[in-house]
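The values are calculated or read from the model by the stated rules, or taken from the named source; none is laboratory data. These numbers were taken from a predicted model, which means no experiment stands behind them. No Cβ is skipped: glycine too gets one built from the backbone with ideal geometry, and neighbour counts run over all protein chains shown.
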Amino acid sequence: MSHTDITPRLHINTEIARRMLTGFIHDQIAKAGMKRAVIGLSGGIDSALSAYLSAEALGAENVLAVRMPYETSSEDSLSDAQQVIDALGLPSLTLPITEMANPLIHQFPEMSGLRKGNIMARLRMVILYDQSVAWEGLVMGTSNKTEFLLGYSTIYGDSGVALQPIADLYKTQVRELSAALGLPASILQKPPSADLWVGQTDEGELGYTYAEVDQLLYLLVDERYTVEEAIDEGFERPFVEGVWRRVKRNHFKRTMPNIAKLSRRTIGHDFLYLRDYAGG
């Protein structure tokens with residue numbers, strides 16, 4: 001049974017999204033008392049879009065792009081990232097992580113690809129936060145809404161950032177906005193990949209396409225459909241139940257660590273917003 005095509009409902013007004021996101025970036029950086037940002041540039045569409053939005057919001061000269069290849073990283077990743085750097089005129093650094101990662105990786109010959117990938121992601125976070133101090137800029141996030149909901153990220157790795165400009169855009173919407181902003185064709189057309197090992201692709205690991213899961217997630221999250229209502233739309237039961245189980249299981253990645261409440265005003269419970277800082 002085929003399901004209802006949700007794609008039209010996923011469409012966004014790209015010009016409004018562009019204005020809102022560049023405004024968000026400018027506002028968040030200014031509120032932190034800074035003018036600059038640091039971004040890890042992988043050569044993929046998510047980091048490229050985040051770089052384009054950051055350059056527009058802050059000025060290209062204020063956005064430091066950092067490439068952090070591992071020995072198995074694709075040459076295409078480096079060249080695609082360079083296209084973005086050249087197109088926007090970003091200051092940039094290339095800091096290979098192989099000699100940082102391998103001393104730990106080589107201690108565990110049986111180490112899985114997942115463990116290796118987590119080590120790489122966390123080393124990249126370390127580099128970006130070091131450059132955050134040197135560059136005097138906030139670390140820019142590059143994760144999208146689909147990844148966040150599915151937990152397809154490394155906690156304290158690629159999720160370890162100061163702000164998340166595109167984390168309310170599904171992958172489908174990231175592609176739509178990226179095309180509107182005129183990102184390089186090679187980036188728009190390449191298969192999504194975290195480039196953690198040779199031949200790795202996001203959709204190969206997930207077991208379904210972003211186009212398919214975005215339609216389901218839109219119903220479950222944005223439209224508040226129940227699992228049964230989503231199945232009634234024509235989605236297969238194992239797919240719906242598996243995706244929703246994954247969303248629930250990875251909730252901890254989308255929140256700060258929970259603090260046990262003992263006092264009247266606990267950080268993260270009752271002490272949440274800037275307005276709570278009474279007296280200025």
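What the table shows:
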| read-out | value |
| --- | --- |
| Residues that are outside any helix (DSSP H, G or I) and exposed (fewer than 15 other Cβ atoms within 10 Å of the Cβ), drawn from the stretch 243-262 | Thr255, Met256, Pro257, Asn258, Ile259, Ala260, Lys261, Leu262 |
| All positions within the stretch 10-35 that are within 19 Å of the chain's Cα centre (by Cα) and among the charged types (D, E, K, R) | Arg18 |
| Which listed residue, of Tyr208, Tyr152, is surrounded by fewer than 18 Cβ atoms within 10 Å (Cβ to Cβ), at pLDDT below 95 and out of contact with any strand residue (DSSP E or B) (no Cβ under 8 Å at 6 or more places or on another chain) | Tyr208 |
| Subset of the stretch 29-77 [in a helix (DSSP H, G or I) and at pLDDT below 95] | Lys31, Glu75, Asp76, Ser77 |
| Tally of residues being under 28 Å from Gly23 (Cβ atoms), in a loop (DSSP other than H, G, I, E, B) and among the charged types (D, E, K, R) across the stretch 106-165 | 2 |
